[in-house]
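What follows is a short report on a single structure.
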Amino acid sequence: KAAHAVSHPIAARRHARSATALAPNDLATLLPFAALADTAGNSDAAAAWYTRALALDRDCLPARRGRAKAFADACRFASADRDLRAATALTPADGEVLSDHATVDFGVGRRDRTIRIARRRLAIGADPAAAWELGQALAAQGDYESGLPLMESRWQLAEFVATNGRDFPWPRWNGKIEPGLRLLLWSEQGYGDALNFVRYARSEEHTSEL
């Protein structure tokens, strides 16, 4: 576990194998080994290790969530959905489980369900991840006016803050168009998003410099 934490995957796998040999039916060993496989991008291996863990304890929530993620990463959405339904039955109000389910629903195109789950989580309390998921689902349905402002909540999530690349000496744009305004367009994510939304920048050329 320590080797994994400091990003030494080879050493971590070696120690995990030794631990598994000593305690082949120990959840405390199987779960970290499954997580190692997931980190390495080996979804099939991760699912297999989580399956071993669930054979020992079918109500093990980390194993349910972990296997669901592995299945989703392998585009086995029906299997992921079954595990997440089981996880939801264990903890109906768990925000992380609801988030996992919303992600799978979004992946298979069940936008209405993603929206319903995200709104349910937001009703429980402030949740930047839920707002981000709700914004994506609304935007995917063409409701940019409602979706895009919600998607700004991603900047409260650690994975975006760590990789945003927005270390500029100028303020972020507030969305208002003013004469003489100069805008720098920054491509932060995939080319698909950039190509989809750059078309809207052209309509502001008469008042701004891009």
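Accessible surface comparison of Trp170, Trp132, Trp186, probe 1.4 Å, protein chains only, largest first: the order is Trp170, Trp186, Trp132.
Phi angles across the stretch 124-130 convert, under the Karplus curve 6.51 cos²θ - 1.76 cosθ + 1.60 with θ = phi - 60°, into 3J(HN,Hα) values of 6, x, 4, 8, x, 5, 5 Hz, Gly and Pro given as x. Listed peptides 62-68, 143-149, 95-101, 190-196 appear in the order 62-68, 95-101, 143-149, 190-196 once ranked by packing, highest mean of other Cβ atoms within 10 Å at the front.
Residue separation of Asp44 and Gln141 scaled by 0.36 nm, minus their Cα-Cα distance, works out to 31.7 nm of gained length. Taking a ≥ b ≥ c as the square roots of the eigenvalues of the Cα gyration tensor of the stretch 40-117, is the shape rounded (a/c under 1.5), prolate (a/b larger than b/c) or oblate? Judged from the Cα gyration tensor, the stretch 40-117 comes out oblate (a/c at least 1.5, b/c at or above a/b).
Please work out the FRET efficiency for the pair Trp170 and Val198, using the Cβ-Cβ distance as r and a Förster radius of 25 Å; give the result to the nearest 0.05. Approximately 0.80, to the nearest 0.05. Look at the Cα gyration tensor of the stretch 100-178: its axes a ≥ b ≥ c give a/c of at least 1.5 with a/b over b/c, and that counts as prolate. Carbon and sulfur atoms: what percent of the 1.4 Å accessible area of the stretch 96-177 do they account for? About 53 percent, which is the carbon plus sulfur part of the accessible surface. Given labels modelled 7 Å from the Cα in the Cβ direction, how far is it in nm from Asp26 to Leu56? Result: 0.9 nm between the two label points. Computed with a 1.4 Å probe over protein heavy atoms only, the accessible surface of the stretch 30-99 comes to 47 Å² per residue.
The values are calculated or read from the model by the stated rules, or taken from the named source; none is laboratory data. In this text the structure is predicted, and so the values were computed from the model without any measurement. All Cβ positions, even for glycine, are placed from backbone atoms using ideal geometry, and neighbour counts span all protein chains on display. These accessible areas exclude ligands, DNA and RNA; they are computed on the full protein's heavy atoms, side chains included. Shrake-Rupley method; radii C 1.70, N 1.55, O 1.52, S 1.80 Å.
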